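First up is the structure itself, then whatever we jot down about it.
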Amino acid sequence: MTGIRVPFFRPDIDDADVEAVAASLRSGWLTSGPNVRALEAELSTYCGARFVNAVNSCTAARHLALRAWGIGPGDEVVTSPYTFAATANVIVHTGARPVLADVRQHDFNLDPERVEAAMTPRTRAIIPVHCAGEPCAMDELLALARARRVHVLEDAAHAIGAAYRGRTVGDVGDATAFSFYATKNMTTGEGGALATNDEALSERVRVLTLHGMTKDAWNRYDAGGSWRYDVAEFGFKDNLTDLAAALGRRQLAKLDRLTEARTRLVQRYFVNLRGEEHLALPGFDEANRQAWHLFVVRVREGAPRSRDEVIRELAARGIQTSVHFIPLHYHSAYRKLGYWQEGDFPVAEQLFAGAVSLPLFPAMTEAEVDDVCDALRDVLRGGGRLRS
Ligand SMILES: *Cc1c(COP(=O)(O)O)cnc(C)c1O
């Protein structure tokens, strides 16, 4: 095993990021306070949603939205099998039943026809996942939801800064959850946010975020604020710290520049790899703006090397890759639910069988993209030192 030549990912943390966190520490206000409020306002301006609740993860944002809508036992929520388990774990936590609908081959996103077929009178929400940062077919999904009066909660963990047909993600469905996890397009280490134009939803999420208290710490300790508060319901503890929000504000300020860097690197990947017979490149809609969180290629069936061999060979050459995603119904916790079996989602299963996520991060150089592509082309043609 050689050393790492091209890492899969590196976060973009500069001196201004470090300074912003240090200033937050020095301010003496460590938990949710002025930086959280400012980040919420800046995210609202950025994505066009009137209300933003900053919370401690994308997972929390989705859990709180489902809870705020009163979704629970007896209800069903439709989502994609081609996602991280966090998307559907929260459905189970509410007591509702996750229902999976297969994806489209070209962009890994929910197929509206499969969603329609999966809906029942018990369906209360649809969770589209904007896989790799390409927006889902929102017009079709919203039409299905409107006709049956169900909510649309976007999992935009990959898609901050993306736009669906001219509308920024965050201002499209009923509510949108963003992730600021360490590897995401902008990061607070751990963190997330819920964006919505529904004031009542945002208010209710705010109460559920902090123990069910009707006044949060900010109001309680604000000059002239009252010490009195009421616990109106059994809430959670999902608030974001001011330290994290201080970092988030700096990250958001440079997000468009980071996304442009990702886009340029992806264009180079396309130029280099277009025409590779053993490889399928990700599809995207020109009418959308992509956030390019990931660049997922697919090793075609019948290629001289399997997906697993490609990953091993690239690793042997110092190139780190990953796989997004292991379909939900392959995981043991989901298998134990007993709802699905292998073969139920043929498109997701076929995509997974060939998927390789190539290195992509804003500070990556074009020479590194070329390196990855040269190695990949060679491996795909059967080159390599490892024997399986
Ligand atoms: C990262 C990720 C999440 C979880 O985000 P957290 O902020 O870690 O909760 C959810 N969905 C998808 C598709 C993700 O990639």
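Descriptive notes on the structure:
- Count of the stretch 338-361 residues which are more than 16 Å from the ligand (Cβ to nearest atom), surrounded by fewer than 21 Cβ atoms within 10 Å (Cβ to Cβ), closer than 20 Å to Leu294 by Cβ and not β-branched (Val, Ile, Thr): 4
- Checking every residue in the stretch 109-123 against the condition of being within 20 Å of Ala177 (Cβ to Cβ), in a loop (DSSP other than H, G, I, E, B) and touching a residue at least 40 places away in the same chain (Cβ under 8 Å) gives zero matches.
- Filter result for Ala223 (surrounded by fewer than 16 Cβ atoms within 10 Å (Cβ to Cβ) and either modelled with pLDDT of 80 or more or part of a loop (DSSP other than H, G, I, E, B) (or both)): yes
- Pairs are defined by a Cβ separation below 9 Å, a sequence spacing of at least 6 or placement on different chains, a first member in the stretch 161-181 that is at positive phi, and a second member that is in a strand (DSSP E or B) and more than 16 Å from the ligand (Cβ to nearest atom); the pairs so defined are Gly161/Thr168; Gly161/Arg289; Gly166/Arg289; Gly170/Thr196.
- Complete set of residues in the stretch 143-183 that are assigned to a loop (DSSP other than H, G, I, E, B), within 16 Å of the ligand (Cβ to nearest atom) and not β-branched (Val, Ile, Thr): Ala156, Ala157, His158, Ala159, Gly161, Ala162, Gly170, Gly173, Phe180, Tyr181, Ala182
- Among the residues of the stretch 313-337, those identified as surrounded by fewer than 18 Cβ atoms within 10 Å (Cβ to Cβ) and either farther than 20 Å from Ser80 by Cβ or charged (D, E, K, R) (or both) are Ala315, Ala316, Gly318, Gln320, Arg335, Lys336.
- Some residue of the stretch 4-25 being within 22 Å of the chain's Cα centre (by Cα), within 15 Å of the ligand (Cβ to nearest atom) and buried (at least 20 other Cβ atoms within 10 Å of the Cβ): no
- Among the candidates Thr87, Thr31, residue that is of a type in the set (Val, Ile, Thr), more than 16 Å from the ligand (Cβ to nearest atom) and not assigned by TED's automatic domain parsing to the domain that holds Val297: Thr31
- Qualifying residue in the stretch 289-300 (condition: away from the ligand (no atom under 16 Å from the Cβ), more than 21 Å from the chain's Cα centre (by Cα), modelled with pLDDT of 95 or more and within 28 Å of Thr87 (Cα to Cα)): yes
- In the stretch 184-215, residue farthest from the ligand (Cβ to nearest atom) [restricted to those that are basic (Lys, Arg) and not in a helix (DSSP H, G or I)]: Lys215
- Qualifying positions in the stretch 129-142 - within 16 Å of the ligand (Cβ to nearest atom) and either part of a loop (DSSP other than H, G, I, E, B) or aromatic (Phe, Trp, Tyr) (or both): His130, Glu134, Pro135, Cys136
- Neighbours by Cβ (under 6 Å, 6+ apart or cross-chain): first from the stretch 44-63, touching a residue at least 40 places away in the same chain (Cβ under 8 Å) and farther than 18 Å from Tyr181 by Cβ; second among the small types (Gly, Ala, Ser) and within 16 Å of the ligand (Cβ to nearest atom): Ala49/Gly170; Ala49/Ala195
- Any hit, the stretch 370-385, residues being modelled with pLDDT under 95, crowded, with 20+ Cβ neighbours inside 10 Å and part of a loop (DSSP other than H, G, I, E, B): yes
- Residue selected from the stretch 245-277 under the condition under 24 Å from Pro34 (Cα atoms) and of a type in the set (D, E, K, R), by the criterion surrounded by the fewest Cβ atoms within 10 Å (Cβ to Cβ): Asp256
- Of all residues making up the stretch 164-189, the number that are among the β-branched types (Val, Ile, Thr) and over 25 Å from Glu140 (Cβ atoms): 3
- Of the helices (runs of 4 or more DSSP H) that lie entirely inside the stretch 272-367, those containing 3 or more residues that are within 30 Å of Gly166 (Cβ to Cβ) span 346-354.
- Test: residue in the stretch 348-360 that is of a type in the set (A, V, I, L, M) and farther than 22 Å from Phe9 by Cβ: yes
- All positions within the stretch 57-84 that are away from the ligand (no atom under 12 Å from the Cβ) and of a type in the set (D, E, K, R): Arg67, Asp75, Glu76
The values are calculated or read from the model by the stated rules, or taken from the named source; none is laboratory data. Just so it is clear, the model here is predicted, and its values are computed rather than measured. Counting neighbours? That spans all protein chains shown, and the Cβs are built from the backbone with ideal geometry, glycine included.
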